[in-house]
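The values are calculated or read from the model by the stated rules, or taken from the named source; none is laboratory data. Source: prediction; values computed, not measured. Every residue, glycine as well, gets a Cβ built from its backbone with ideal geometry; the counts of neighbours run over all protein chains shown. These accessible areas exclude ligands, DNA and RNA; they are computed on the full protein's heavy atoms, side chains included. Shrake-Rupley method; radii C 1.70, N 1.55, O 1.52, S 1.80 Å.
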Amino acid sequence: MATKKDLKYYVGLNWSYTIEQDIHKGKKFYIIRVNELPGVCTDANTIEKGMQNIQDALIATIELYLEQGDPIPEPINKEEFKGNITYRTTSERHYSLAKLAQAKHVSMNKALDMVFDVGIQHLYAS
């Protein structure tokens, strides 16, 4: 049985948020973003108020998507990912990764995680 994807459906999804603290003119405030919906953010003097505000922004955004008939990006269900990835690469990259693992005294998997973490941070920052 298919689930009707209406406002209630979308609001009930497991959205993820980024919360940053900042200071402006000596006053602390929080910036809250919905990770899956670029541009949807708010700020408030407390995290609690910010979470209330971001829910309002989330609802307004979903209503707009639905009104326009645009596809709504849905959160990824982390439980669907088990951490197993089959990865093929060139012999040169494999060799470089092995050298890095040896130099850092870690396994190849840990070395690959390190490279991935640095790369993904760089990509998100740009």
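Listed by first and then second residue, the pairs with beta-carbon distance under 8 Å, at least 6 apart or on different chains, first residue in the range 99-121 and over 17 Å from Arg88 (Cβ atoms), second in a loop (DSSP other than H, G, I, E, B) and open to solvent by less than 90 Å² (accessible area, probe 1.4 Å), are Ala101/Ser107; Met114/Val106. Restricting attention to the range 33-57 and to residues that are small (Gly, Ala, Ser) and in a helix (DSSP H, G or I), the residue that is farthest from Pro73 (Cα to Cα) turns out to be Gly50. Out of Asn35, Asn45, Asn14, one residue alone is out of contact with any helix residue (DSSP H, G or I) (no Cβ under 9 Å at 6 or more places or on another chain), open to solvent by 100 Å² or more (accessible area, probe 1.4 Å) and not β-branched (Val, Ile, Thr). It is Asn45. Just to check your reading of the model, which residue among Ile85, Ile72 is within 30 Å of Ile31 (Cβ to Cβ) and either touching a His at 6+ places or on another chain (Cβ under 9 Å) or among the aliphatic types (A, V, I, L, M) (or both)? So the residue among Ile85, Ile72 that is within 30 Å of Ile31 (Cβ to Cβ) and either touching a His at 6+ places or on another chain (Cβ under 9 Å) or among the aliphatic types (A, V, I, L, M) (or both) is Ile72.
Selection of first residues in the range 22-35 that are closer than 16 Å to Lys49 by Cβ and of second residues that are surrounded by 13 or more Cβ atoms within 10 Å (Cβ to Cβ) and basic (Lys, Arg), restricted to Cβ pairs under 9 Å at least 6 apart or on distinct chains, gives the following pairs, ordered by first then second residue: Tyr30/Lys49.
Among the residues of the range 58-80, which ones are in contact (Cβ under 8 Å) with a residue 40 or more places away in the chain, under 12 Å from Val11 (Cα atoms) and either open to solvent by less than 50 Å² (accessible area, probe 1.4 Å) or not in a helix (DSSP H, G or I) (or both)? The answer is Leu58, Ile62, Ile72, Glu74, Pro75.
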